[in-house]
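The values are calculated or read from the model by the stated rules, or taken from the named source; none is laboratory data. What you see is a predicted model, and the numbers here were worked out from it, not measured in a lab. Positions of Cβ are generated from backbone atoms using ideal geometry, with glycine treated the same way; all protein chains shown enter the neighbour counts. All accessible areas refer to the heavy atoms of the entire protein, side chains included, with ligands and DNA or RNA removed. Shrake-Rupley method; radii C 1.70, N 1.55, O 1.52, S 1.80 Å.
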Amino acid sequence: MKIAGLVLFALSSGAVSAKPTFDEYLSTLRTESETLGFTEQTIDDAFNSITYRKKTIVHDKAQPERQKITLDSYIPRAVPDWKIKKARKLFDENKELLERIGKDFGVQPRFIVALWGVETNFGSYTGNFSTLSALATLAYDGRRETFFKKEFFAALKIIDEGHITTADMKGSWAGAMGQVQFMPSSFNAYAVDYNNDGKKDIWNSTEDALASAANYLKQAKWDDTYTWGRQVLLPDNYDATVSGLKLTKKLADWQELGIRTFEGKALPNVDLDASLIMPDGENGRIYLVYNNYKSIMRWNRSDYFATSVSHLSDTIKFRD
């Protein structure tokens, strides 16, 4: 409730406490930051630059569109023809680098390019929000304060280690950064200084950005022996409850259940675990997906994201 212009919150005891102003919240956040051992220069630069970003909250609270979206309509928008052409061009232009990264991290290069393309249009759109301001604003808002405070401190660690300056640390409204859109905690876990210049620079260095993406997939148990999966057909009267990422069967077992390739042929005779997924229900696109698909889902837990990345990777490999 509001009293005399102050936003008030009821406590469990029944008492009422005024929510601090953003400046007061920043003061507390600064005190916490000081206890974590960051340099005085890092803290001064950071807190002198932070401003409340109302637009961040608008984005955070925006409701999803209430129109029916299916993979049949989503994939052509997420992976239009021009993006396929650009992906192939950049794959060819960066082939030497990509092959080296692929060998070092055990990830097929086409998947690295596909992630790059779906996330930021190959680094051309990485976001222009101040990362620290976005994270501080979201923490102050309170809906996921613990999460965003953790990311805020992770961002300070990146600055403190000299990988980027406060002024140059920019990204999405939610705090995702650089050409591969890592949250700060993901940066600290997976970012790589692949060009050996002393900085992990996923904003400006293509080498660092692509190697960091590959390292993420490697740590997510990627296996470059296999691909991501394939679109399949269901037999008539299939029990749709026998599906989902948590249910894993051998390809031979799916074959016995009547699952066939999208062309109507037998499944590959390979000893490989797979899950049957139906993102749009049994009348939509059906896929048998392997462990690599689940690795992509660790990056972004959306079947629409994962199938878009997978589709783009296939268009790089299979050309007319």
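Structure notes:
- The residues of segment 212-246 that are part of a helix (DSSP H, G or I), open to solvent by 80 Å² or more (accessible area, probe 1.4 Å) and not basic (Lys, Arg) amount to a single one, GLN219.
- Between ILE277, ILE296, ILE316, the distinction of being within 14 Å of the chain's Cα centre (by Cα) and among the aliphatic types (A, V, I, L, M) belongs to ILE296 only.
- Residue in segment 78-132 that is most open to solvent (accessible area, probe 1.4 Å), counting only those that are of a type in the set (Asp, Glu) and in contact (Cβ under 8 Å) with a residue 60 or more places away in the chain: ASP104
- Selection of segment 253-293 for residues being in contact (Cβ under 8 Å) with a residue 40 or more places away in the chain, in contact with a Ser or Thr (Cβ under 8 Å, 6 or more places away or on another chain) and surrounded by 13 or more Cβ atoms within 10 Å (Cβ to Cβ) yields ALA274, LEU276, PRO279, ASP280, ARG285, TYR287, LEU288, VAL289, TYR290, ASN292, TYR293.
- Qualifying residue in segment 294-301 (condition: modelled with pLDDT of 95 or more and at positive phi): no
- Boolean, PHE122 is touching a helix residue (DSSP H, G or I) at 6+ places or on another chain (Cβ under 7 Å) and of a type in the set (Phe, Trp, Tyr): yes
- Annotation for segment 147-161: at least one member residue is over 21 Å from SER205 (Cβ atoms), open to solvent by 90 Å² or more (accessible area, probe 1.4 Å), in a helix (DSSP H, G or I) and touching a residue at least 24 places away in the same chain (Cβ under 8 Å).
- Counting the residues of segment 294-313 that are open to solvent by 40 Å² or more (accessible area, probe 1.4 Å) and touching a Pro at 6+ places or on another chain (Cβ under 8 Å) gives 2.
- Extreme residue, nearest to SER33 (Cα to Cα), among residues of segment 171-185 that are open to solvent by 30 Å² or more (accessible area, probe 1.4 Å) and either out of contact with any strand residue (DSSP E or B) (no Cβ under 6 Å at 6 or more places or on another chain) or hydroxyl-bearing (Ser, Thr, Tyr) (or both): SER185
- Residue list for segment 264-287, restricted to those being within 22 Å of ASP303 (Cα to Cα) and either part of a strand (DSSP E or B) or of a type in the set (D, E, K, R) (or both): ASP273, ALA274, SER275, LEU276, ILE277, ASP280, GLU282, ARG285, ILE286, TYR287
- Every test in (1) closer than 19 Å to SER133 by Cα; (2) at pLDDT 95 or above; (3) assigned to a helix (DSSP H, G or I) is passed by LEU98 save one, and that test is (1).
- Residue list for segment 192-211, restricted to those being open to solvent by less than 10 Å² (accessible area, probe 1.4 Å), in contact with a Gly (Cβ under 9 Å, 6 or more places away or on another chain) and not in a loop (DSSP other than H, G, I, E, B): ASP208, ALA209
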